[in-house]
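The values are calculated or read from the model by the stated rules, or taken from the named source; none is laboratory data. These numbers were taken from a predicted model, which means no experiment stands behind them. Here the Cβ positions follow ideal geometry from the backbone for every residue, glycine too, while neighbour counts run over all protein chains shown.
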Amino acid sequence: MAGTGEIEVTPREEILDRVRKALGRKAGQGRDRVPEPRIRIPEIPPERRVALFAERLEALGGKVYRAAALAQVRDITAGILEGSAAVCSMDPLLEKAGIPGLPGVVSGFGDEPSLRAACAAAPFGITGADYGLAETGSIVTRSVSEARLISLLPPAHIAVLPVSRMLTGLDEFYSELPMPADAASSTVFITGPSRSADIEMILVRGVHGPRVIHVIVVDEEHATNR
Amino acid sequence: MLMKPEQEKQIRQTVADPKIQLALYSATARLKEKREEVVAPEALPEYQELRTQANRIKKHTLENLDVYLEEFEANVEAHGGKVVYARNGQEVTDFILGLARERGVKMLVKSKSMTTEEIHLNERLEHHHLEAVETDLGEYIIQLAHDRPYHIVAPAVHMTRQDVADVFEKNLTDPRTEEPGKQAMIARRNLREKFLEAGIGISGANFLVADSGAVCIVENEGNARLTTTAPPIHIAVAGIEKMIPRARDLAVFLKLLARSGTGQLLTVYTSFLSGPRRGGEADGPAEFYVVLMDNGRTRLLADAEKRQSLYCIRCGACLNACPVYRKIGGHNYPGAYSGPIGAIITPQYQGIAKDPWLPFASSLCGACAEVCPVKIDIPKILLDLRKEVMEDRAARGDGFLERKAFQMYGWLTRRPKLYALAGRIGARMARAPGAASMGPAAKWASVREVPLPARKSFRDQWREREKSK
Ligand code: SF4
């Protein structure tokens, strides 16, 4: 009631206060030294990285292709699509490879509703990948360069990864990019096709995300700089 | 006694149900085996080092939690998001309802979150006519069946494909199928519409990352990505204990979480989300909220000994390792959390008086502590809680006979002559037919295998041998 002189404590103040009381700390008190996480980048030569990446991803049911040049990326993509429709992201590498020019491939949406509608209908989504993680067979996509839905709504995903972006694993990723939030609102590691074992522990692919993932690893020194 | 008769009956039913026993045994065995493969020294030589580190980082974070909460909040806001503090489930619900009302939202989608399970968020929202649709396949089945999750990482582990077929047939219009692959596609189709229509997506958070103002969410299906991407509003609901200091700490935690939970190196999707869509980004939510919930956690935080219960990253490994969970399953544990972790956090969240038997639901074999990726000393906490339960009962005058019996025993052992005599009398009485089911000890003995005392005690045998030398 107004005028009773009681000041209402907000949940924020109360929780912070409870935390401090529980810990015997005062507001404004600094923190103790924080222990460093173990980050050790293994030595894996580039070619071995690609082989390891392929091994790991294929064990999960993904497919890995090797392209010596961008022109080959286009051919491999056309071979996978076999004329199917696809939504292609705005990654300059894909543009350079001429993928938006393939029959049935659409790209560049002015607004979100049309992007959504296209992703919901297309059998394939084609994106770039900012990084590969060899030890786990993962690719990293970030919202700064990719629409999030292209690698998510279509039942199959094709990603093009420059070989120079193939990192050894998580440790190297976090040394390269200790602050992923600085660059993008969303950073996603994708490790194989969508899966579930929720019914009788039986493996099912493509529950919500893509059932199939193809990664084309391309040698390109001069193609793009991100 | 500690357990209510209905609870005891329910547990006996579970143990006697061959269908559930088979499902439980095989699922936990699979998860256990897969975990063992990927944490073996050949596969991950640094495994023990990572566990020690994870434990240290969690310890440090909780000991300085106020600083990290404020840092997290500042960083979420710097990225255009908003942090909401909630003292309990009611305040979480009120916030979501208020926002839904303001934005005219009628339906929301949810990805798997034990925290919202803990506060019965779905029931609360539905009570106010806000439809909340679970989208994880297991959780979807559970929701349609009006059931409760059975396992932290495998919610529908107790159901067979026939059960799923029944549930779908009753609730959906798709033709009946008993093939898990086809059942999953039915869920995909039905839920796809929901994702695209929902006004709000609610997720949990595996980690809150202070230096980034980000939530990190791991999953295999893609439903968490859809929940946090498709609707115009994303709300992440998390307990305050989910905090870690820096993004790069994930190098430690991510290596442990999937390996311990499902035996994967990483889950299929690991999302690191900070704030709403930014300028130049093509999609993603326009609004981003993180609800930081207390709901009993600060009480736990005050206990320096048991504080480590809050290190838990909900991998589920202790459930799969626990001989008790593997027999009695998830539904016999009250609250959202089952298995060893449930046995230690439920009593601490809700108070020990409500389900005093919980800390006793363990053989103290130590398997849980051995597999825990953040090294929570679960058996020790169980013992501490047992002590608290007994003290609480003593204070209320319960458990009088048991306590008196042990006191008398203590008195006797200090008097050797009397002890020997009492032993001889006791042995003769105990060997009498039906002795174990009579008198005040009957209840105690009914759940224990009481060995018959030897006809002649060790003391007597020894004395005779010495004499005949
Ligand atoms: S207590 Fe440890 S083993 Fe059990 S769920 Fe939590 S982190 Fe995993």
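Summary table
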| read-out | value |
| --- | --- |
| Residue list for segment B:125-173, restricted to those being within 16 Å of the ligand (Cβ to nearest atom) and among the hydroxyl-bearing types (Ser, Thr, Tyr) | B:Tyr150 |
| Unique match (being in contact (Cβ under 8 Å) with a residue 60 or more places away in the chain, of a type outside the set (A, V, I, L, M, F, W, C) and either surrounded by fewer than 22 Cβ atoms within 10 Å (Cβ to Cβ) or out of contact with any strand residue (DSSP E or B) (no Cβ under 7 Å at 6 or more places or on another chain) (or both)) among A:Arg66, A:Arg116, A:Arg74 | A:Arg66 |
| Residues (under 24 Å from B:Ala187 (Cβ atoms) and assigned to a loop (DSSP other than H, G, I, E, B)) located in segment A:173-204 | A:Thr191, A:Gly192, A:Pro193, A:Ser194, A:Ala197, A:Asp198, A:Ile199, A:Glu200, A:Met201, A:Ile202, A:Leu203 |
| Any pair with Cβ under 8 angstrom, 6 or more apart, that starts in segment B:338-356 at a residue that is within 14 Å of another protein chain (Cβ to nearest Cβ) and ends at one that is outside any helix (DSSP H, G or I) and more than 13 Å from the ligand (Cβ to nearest atom) | B:Gln348/B:Gly296; B:Gln348/B:Asp303 |
| Selection within segment B:365-387 - within 12 Å of the ligand (Cβ to nearest atom), away from chain A (no Cβ under 14 Å) and in contact with a Phe, Trp or Tyr (Cβ under 7 Å, 6 or more places away or on another chain) | B:Ile376 |
| Selection count where residues are more than 6 Å from the ligand (Cβ to nearest atom), assigned to a loop (DSSP other than H, G, I, E, B) and not hydrophobic (A, V, I, L, M, F, W, C), scope segment B:303-318 | 2 |
| Per-region count, segment B:319-364, residues hydrophobic (A, V, I, L, M, F, W, C) and within 14 Å of the ligand (Cβ to nearest atom) | 9 |
| Qualifying residue in segment B:267-290 (condition: within 16 Å of the ligand (Cβ to nearest atom), surrounded by 21 or more Cβ atoms within 10 Å (Cβ to Cβ) and either without any contact (Cβ under 8 Å) to a residue 40 or more places away in the chain or within 9 Å of chain A (Cβ to nearest Cβ) (or both)) | yes |
| Entirely in segment B:344-455, the helices (runs of 4 or more DSSP H) that have 3 or more residues that are at pLDDT below 85 | B:400-413, B:416-431, B:442-446 |
| Members of segment B:142-168 found to be in a helix (DSSP H, G or I) and closer than 17 Å to B:Glu219 by Cα, listed by number | none |
| Qualifying residue in segment A:207-217 (condition: surrounded by fewer than 19 Cβ atoms within 10 Å (Cβ to Cβ), at pLDDT below 95 and of a type in the set (Val, Ile, Thr)) | no |
| Qualifying residue in segment A:206-224 (condition: free of Cβ contacts under 8 Å to residues at least 40 places away in the same chain, more than 9 Å from chain B (Cβ to nearest Cβ) and assigned to a loop (DSSP other than H, G, I, E, B)) | yes |
| Count - residues of segment A:46-63 that are in contact with a His (Cβ under 9 Å, 6 or more places away or on another chain) and surrounded by fewer than 19 Cβ atoms within 10 Å (Cβ to Cβ) | 1 |
| The listed residue being without any contact (Cβ under 8 Å) to a residue 24 or more places away in the chain and more than 19 Å from B:Glu73 (Cβ to Cβ), out of B:Arg192, B:Arg225 | B:Arg192 |
| Boolean, A:Gly192 is in contact with a Ser or Thr (Cβ under 7 Å, 6 or more places away or on another chain), touching a residue at least 12 places away in the same chain (Cβ under 8 Å) and facing another protein chain (nearest Cβ under 9 Å) | no |
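Conditions tested, residue by residue: (1) surrounded by 17 or more Cβ atoms within 10 Å (Cβ to Cβ); (2) at the interface with chain A (Cβ under 9 Å from one of its Cβ atoms); (3) in contact (Cβ under 8 Å) with a residue 60 or more places away in the chain; (4) under 30 Å from B:Glu91 (Cβ atoms).
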site	(1), (2), (3), (4)
B:Ile142	yes, no, no, yes
B:Val153	yes, no, yes, yes
B:His158	yes, no, yes, no
B:Asn171	no, no, no, no
B:Ala198	yes, no, yes, yes
B:Ile202	yes, no, yes, yes
B:Asn206	yes, no, yes, yes
B:Thr229	yes, yes, no, yes
B:Ala236	yes, no, no, yes
